[in-house]
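The block underneath contains the structure these notes are about, expressed in structure tokens.
The values are calculated or read from the model by the stated rules, or taken from the named source; none is laboratory data. Values in this document were obtained by computation on a predicted structure and should not be read as measured data. Glycine also receives a Cβ, built like all others from the backbone with ideal geometry; neighbour counts cover every protein chain displayed. Each accessible area value is taken on the protein alone, full model and side chains, heavy atoms only, with ligands, DNA and RNA left out. Shrake-Rupley method; radii C 1.70, N 1.55, O 1.52, S 1.80 Å.
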Amino acid sequence: MYRFLLTPRWWGINVFVALAIPLCIFMGTWQLGRFEDRAEAQKEAERAPTAEELKPTPLDELLPVDKETSGRTATASGSYGEQFLVPGRQLEGRTGSYVLTLLKTDGGRALPVVRGWLPEGAAAPAAPAGRVSVAGALQASETVGKDGVHAAGGLPRGQLAMISAASLVNVVPDQVYDGWVTLTEADAGLRPVPATLPEGAGLDLKAFQNLGYSGEWFAGVAFILFMWVRLFRREVEMLKDAELGAALEAETGAVAGGGDAGAVDGDAAGAADAAPVAAAVAAVPGSGGAEGRAEGSGTGSAAGRTSV
């Protein structure tokens, strides 16, 4: 009954199932791993920083910025240069701007330094003159889609949409670090900007998207198995129906053949039973047989002639 599994159609179905199920399991496990990594990063970010992490470290030793070095205290020396405002930033529920000043380091490159936050409409204080040393939390360059970052153009001169080397490369002549620092202690008239989690860390919307995608892949495994079982059962039922139909057809043909044979036998038996009766009738005198008719006719003719 199950030989249909060896047909080309079912070979194709079985190969698809054999390839699709491992793929769904792999993708679901990968998405679940991404969610677990973000959850672990969230736990790491919420724990109190260690003394080693709080220890100021020269900037060049922490580059490039990654999940391990993001948030570490970096130090740099140089002199402040151009200053920009980064509008539309929230702090404790209020909207304002980051005050970003480029620090030209001893190595010749410019380091974006967020000196603090000021409320909307307030004037930014001037940066300290002369040589300065700064210490603050190291942050990775911002990207579109991160909280508070927007890609809207048309900002006035002296304002930036995001803090990144890409947004500054066409604004300043110096080479810019791929990262920035938010001061631990803000300058006078400003409020310190807290460090943020590195991109890809924390239980944000993307983390729960990973969890949802994982559920979809595992649900795909269940759906594929359900459809295979459903097709298999339907095929078996069709074969059983075909076998039952063939059996009924054979039985109907046998019954019809038996009726025809009975009719023929009945006719033959009737003819056999009628033969002796006909013979007996023929043997009775004056029964209307040929001899009776001849004898009657001759006797009648002779008697007629004698009477005349």
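Results for (1) in a loop (DSSP other than H, G, I, E, B); (2) touching a Cys at 6+ places or on another chain (Cβ under 9 Å); (3) of a type outside the set (A, V, I, L, M, F, W, C); (4) within 20 Å of Glu61 (Cα to Cα), shown as yes or no for each residue.
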residue	(1), (2), (3), (4)
Val99	no, no, no, no
Arg115	no, no, yes, no
Leu118	no, no, no, no
Arg157	yes, no, yes, no
Val172	yes, no, no, no
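Identify, please: which residue in the range 200-245 is charged (D, E, K, R) and modelled with pLDDT under 90 and is, among those, surrounded by the most Cβ atoms within 10 Å (Cβ to Cβ)?
Glu235
Among Ala74, Ala45, Ala51, which is the only one that is modelled with pLDDT under 85, more than 36 Å from the chain's Cα centre (by Cα) and small (Gly, Ala, Ser)?
Ala51
If you check Gly116, Gly107, Gly136, which single one turns out to be within 15 Å of Thr75 (Cα to Cα) and under 45 Å from the mean Cα position of the chain (by Cα)? Lay out the reasoning, then the answer.
Values: Gly116 fails: within 15 Å of Thr75 (Cα to Cα); Gly107 fails: under 45 Å from the mean Cα position of the chain (by Cα).
After ruling out the rest, the residue left standing is Gly136.
Any idea which residue in the range 88-121 is farthest from Arg157 (Cα to Cα), counting only those that are basic (Lys, Arg) and open to solvent by less than 10 Å² (accessible area, probe 1.4 Å)?
So, considering only residues that are basic (Lys, Arg) and open to solvent by less than 10 Å² (accessible area, probe 1.4 Å), the one farthest from Arg157 (Cα to Cα) is Arg115.
Of the numbered conditions (1) under 19 Å from Pro173 (Cα atoms); (2) open to solvent by 40 Å² or more (accessible area, probe 1.4 Å), Thr143 satisfies every one except a single condition; which is it?
Condition (1) is where Thr143 drops out.
So that you can scan it fast, the table gives a plain yes or no per residue for (1) at pLDDT 85 or above; (2) of a type in the set (S, T, N, Q); (3) exposed (fewer than 15 other Cβ atoms within 10 Å of the Cβ):
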{"residue": "His150", "(1), (2), (3)": "no, no, yes"}
{"residue": "Pro173", "(1), (2), (3)": "yes, no, yes"}
{"residue": "Tyr177", "(1), (2), (3)": "yes, no, no"}
{"residue": "Pro198", "(1), (2), (3)": "no, no, no"}
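Say we look at the range 54-71 and pick out the residues that are among the acidic types (Asp, Glu) and at pLDDT 90 or above; which of these is least open to solvent (accessible area, probe 1.4 Å)?
First, pick out the residues of the range 54-71 that are among the acidic types (Asp, Glu): 60-61, 66, 68.
Pick out the ones that are also at pLDDT 90 or above and you get 60-61.
Working: Asp60: 105, Glu61: 131 Å².
Applying the filter and picking the extreme gives Asp60.
Could you please find all residues in the range 205-240 being more than 22 Å from Gln31 (Cβ to Cβ) and either of a type in the set (Asp, Glu) or outside any helix (DSSP H, G or I) (or both)?
Answer for the range 205-240, where residues must be more than 22 Å from Gln31 (Cβ to Cβ) and either of a type in the set (Asp, Glu) or outside any helix (DSSP H, G or I) (or both): Glu235, Glu237.
On the given criteria, is Ala127 in a loop (DSSP other than H, G, I, E, B), of a type in the set (Gly, Ala, Ser), surrounded by 15 or more Cβ atoms within 10 Å (Cβ to Cβ) and modelled with pLDDT of 90 or more?
Yes: the conditions hold for Ala127.
Which one of the conditions (1) open to solvent by less than 70 Å² (accessible area, probe 1.4 Å); (2) at pLDDT 90 or above does Ser167 fail to meet, given that it meets all the rest?
(2)
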